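Laboratory data are not the source of any read-out in this text; all were calculated from the coordinates shown. Just so you know, these numbers come straight off a predicted model, no measurement behind them. Note that we place each Cβ from the backbone using ideal geometry, even for glycine, and neighbour counts take in every protein chain shown.
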Amino acid sequence: MKKARNGFIRNLHYLCLIGVIALGLMAIVGTGGGGGGDGGTAPPGECVDVSGTWSTTEVVDDTGCGGDIYTEYNTYTVTQDGCNITVMPSDGGSFSGTVSGSQINWSGTWQEGGGTVTATISLTISGNSLSGTSSWTWSDGYSCSGTTQITGTRSPGPSGDTSARFFNNLTCSGSYFTATLNLCGTTLTSYSGSWSSCQTVASGTCSFSVYADAGACGIISFSDSVSLDSGCIYNFVLDTDGTNIIFGYIPTCPGDCSSPTPFSAGTSLESLSDDESFELLMEVPIEGEGLTRAQ
């Protein structure tokens, strides 16, 4: 009898950390080179930073296919651009995926050991930890099944790293639009009334720029510099007081991408300004009419 072995991603090699590693709060729907995974497109603002190095412990129960219960230890490096990720296992190769929710749910089919493997994975992410289960079936006419219990942790980033996300709280006469914050060379994109992905950026003083094509309300564009402390989460917001476009942030220190967001769509600028930690960075006069707060 042939043995179907199923390490979390070693044999689910078309799964993307698989799509994996969606940092707490997120679900990743992975897609990859040749497996049968269903990809996904994350709605604007519904993904967070899952970049970094992840180490997994995978307890495989292969007894149903004549094998053993054994443990595999694997390492994956994930890079991220917006809601799109690239996963690189330590033993080579790279695979693609998208971040979109709070659970990782994936299924796929591929050929292995002269038969066909069909597998599903369900993972939960919390901060820098993940846990879940993979169920799989191997068949070449004869069928057998097994499971893999998965846990993992993400290694801390460099000591100089900090985190940032961006909230566009503006509409043009009720029409939503996309605004982009380029911060320290990292791009954060927010659709009106939603958070951008959360990204890791270098601490220290660096430049930022904000750009948005607000349709009939014109172009929003300005830039300056900002100083960021390490080990914090910076919550940037683009808003209006009715006369000016306001851009600032609320920091949480210590904090990271697993920290809760401090405000949502329709939050008044006055309530943000009442927060002693709110830092005003830019105040730009509104030109034209129609620029309002997202509701």
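Using the beta-carbon distance between T205 and S129 and R0 = 35 Å, what value does 1/(1 + (r/R0)^6) give for FRET efficiency, to the nearest 0.05?
On the way: r = 32 Å, r/R0 = 0.93.
Here the calculated transfer efficiency is 0.60.
Pop the C-beta distance of S223 and V59 into the FRET formula with R0 = 51 Å and round what comes out to the nearest 0.05.
It comes to 0.50.
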